[in-house]
1. Ignoring solvent entirely, what values of log10 I(q)/I(0) come out of the Debye formula for segment 331-454 at 0.13, 0.16 Å⁻¹ when each Cα is a single scatterer?
2. Using 0.36 nm per residue of separation minus the Cα-Cα distance, give me the extension gain between N396 and S504 in nm, one decimal.
3. Averaging over every viewing direction, what projected area does the convex hull of the Cα atoms of segment 267-515 cover, in nm²?
4. Which residues does the label zone of L515 cover in segment 285-308, counting backbone N under 20 Å from a point 7 Å along Cα→Cβ?
5. Measure out, as a whole number of angstrom, how far apart the alpha-carbon centroids of segment 188-216 and segment 157-184 sit.
6. Placing one identical point scatterer on every Cα of segment 39-229 and ignoring solvent, what is log10 I(q)/I(0) from the Debye formula at q = 0.12, 0.16, 0.19 Å⁻¹?
7. How far apart, in nm, are two points set 7 Å out from the Cα along the Cα-to-Cβ line at V198 and at S168?
8. Using a simple spin-label model with points 7 Å from Cα along the Cα→Cβ vector, what separation in nm is obtained for S442 and A480?
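Coordinate-derived values only; no laboratory data. These numbers come from a predicted model, not from an experiment. Methodologically, a virtual Cβ is constructed for each residue, glycine included, from the backbone with ideal geometry; neighbour enumeration extends over all protein chains shown.
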Amino acid sequence: MSRYFDGLWYRAILIAVLIAAGAVCGMWISRLVVISSDRGQMRLFSERLLDRAVDVFTEADRMLTVINTSPYPFCSDKEISYLRDVLFGTRYLKDMGRVSDGFFHCSAVFGNGKTPMPLVAHDLETPAGKLIYANSRLAISNSSAPIIGIGKGNVVLDPASFETLKNSAYAYVVMYNPQGSSSTVGMFGPLNIGKLDVKPADGVGRTGDIVYRDACRDMACVTVHAEVSQLEASAQPITAIISIFGATLGGALATIIILLQRNNLSMKTRLQQALGHNRLTIEYQPIVDIATGRTVAAEALVRWKEKGETIPPDVFIPVAEKAGLINRLTIRVIENVLKDMAPVLDANPDFHISINIAAADLFNRDFSAQLASRLEEANVASRQIVLEITERSTANAVDAIEAIKRLRSRGHRIFIDDFGTGYSSLAYLGELNVDGIKIDRSFTQTIGTGSVSVSIVPQIIGMAHVHHLDIVVEGIETPAQRDYFAALVPKVDGQGWLFGRPTSAATIKELLNSLT
């Protein structure tokens with residue numbers, strides 16, 4: 001009998017029955033559920049959006065006044081410098097520009113363009129002459145953002161102004177409702193709502209499978225949507241039924257997963273074993289002083305090869321993050337780096353290694369102590385281990401500032417990796433109090449192509465140096481790219497295949513020995 005129940009055909013039938021049962025349960029539950037909107041939470045979310053929206057649009061209006069009352073000649077070097085200083089003090093703006101006769105002339109970030117560029121068609125013009133652009137392509141980036149203009153000035157609003165308020169249960173749109181106009185324009189959020197001739201009336205409602213809430217205040221309106229299937233049922237008996245059948249469905253799915261993976265290890269399990277047996281290795285990519293070609297640092301890159309298979313970092317690192325293994329992975333990388341490079345770092349006190357850390361590492365209060373203990377054991381100075389974090393890791397500003405301060409207090413320098421991909425706010429960068437940036441390779445690749453985004457590179461470098469930030473340019477692959485950055489003042493460091501592909505620790509040691 002045991003062979004009967006263990007047969008492949010029986011397992012296949014069991015899997016099919018469980019899938020069918022789960023589907024039937026799901027359909028039955030969906031018929032039973034009567035959804036009411038979670039009015040309290042939706043109202044709270046709407047109010048938070050409105051608070052932020054009023055702050056964003058108020059800052060935009062205030063800065064438009066500043067631009068149009070500039071004390072300096074139109075688009076002169078002094079005016080551009082003045083606009084940059086003002087921009088650095090804003091919270092929700094990405095740029096401040098000057099326009100005239102339907103053309104864009106200059107901005108704080110872009111500088112003074114060689115040729116004025118025509119403005120795209122606006123989405124709304126208010127009776128007061130204010131022009132609203134809901135989502136315009138930016139001159140200095142491959143991204144787009146909302147723009148508001150009046151007179152001879154315009155401001156670019158930060159597309160990520162509401163990112164820290166996101167709630168997975170809701171989709172939303174933030175609309176600009178300028179004073180004196182009955183129309184609104186959707187400018188932020190995943191809901192694609194353009195111009196509305198009449199602003200939404202405050203209240204809640206339901207359309208099909210969507211419950212919604214509309215609210216307006218001052219110059220802003222918001223619409224919040226939630227799918228019926230994602231909200232909790234209000235009645236306790238129905239909740240009990242959902243729980244029972246949800247548990248049944250979860251058990252069925254778990255059984256299916258167990259049956260399907262009985263003879264196959266999951267990626268999570270494989271990664272756990274690789275960490276336990278230290279099967280991960282480290283390669284090092286040189287970082288050089290572009291002006292002199294001297295190697296000044298290297299970035300540590302984790303690699304995983306198993307039974308002839310190479311598993312890319314962009315596959316196993318998300319698995320580590322989701323499975324709660326990322327801190328263990330980061331510590332393993334640090335341990336291997338110190339094992340490989342401690343003698344090299346001791347012999348070259350001006351040389352450092354850059355190591356990427358995840359958001360979970362940054363906000364883990366134990367991480368800095370874990371790192372310190374391993375550095376002490378290896379007799380390596382903290383300043384020789386530079387930590388790289390992504391812009392996404394710093395979305396929670398308050399916690400990020402505290403975490404960065406904690407790591408810097410132990411002597412580590414902190415760099416923002418892939419800078420520019422999110423059209424970053426330099427004001428926000430100043431709040432974080434980091435030590436440097438790594439300019440994303442997408443900017444490097446535009447050099448020699450005639451792309452307008454190249455012109456932003458000197459501005460980024462100049463403004464970064466004003467705020468005493470070190471700079472590493474990523475993705476340098478051609479002599480033309482190297483020569484471009486070598487000619488810039490002040491100097492920058494570079495990283496890319498032109499200077500060296502990721503290689504072993506032994507090769508880095510030989511490279512440094514050849515320079516002494």
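1. Ignoring solvent entirely, the Cα scatterers give -0.57, -0.81.
2. Once the chain is fully extended between N396 and S504, it gains 35.3 nm.
3. Projected area, direction-averaged: 13.5 nm².
4. 285-301
5. Computed from Cα coordinates, the inter-centre distance equals 11 Å.
6. -0.59, -0.96, -1.26
7. Roughly 3.8 nm, to one decimal.
8. Distance between label points: 2.1 nm.
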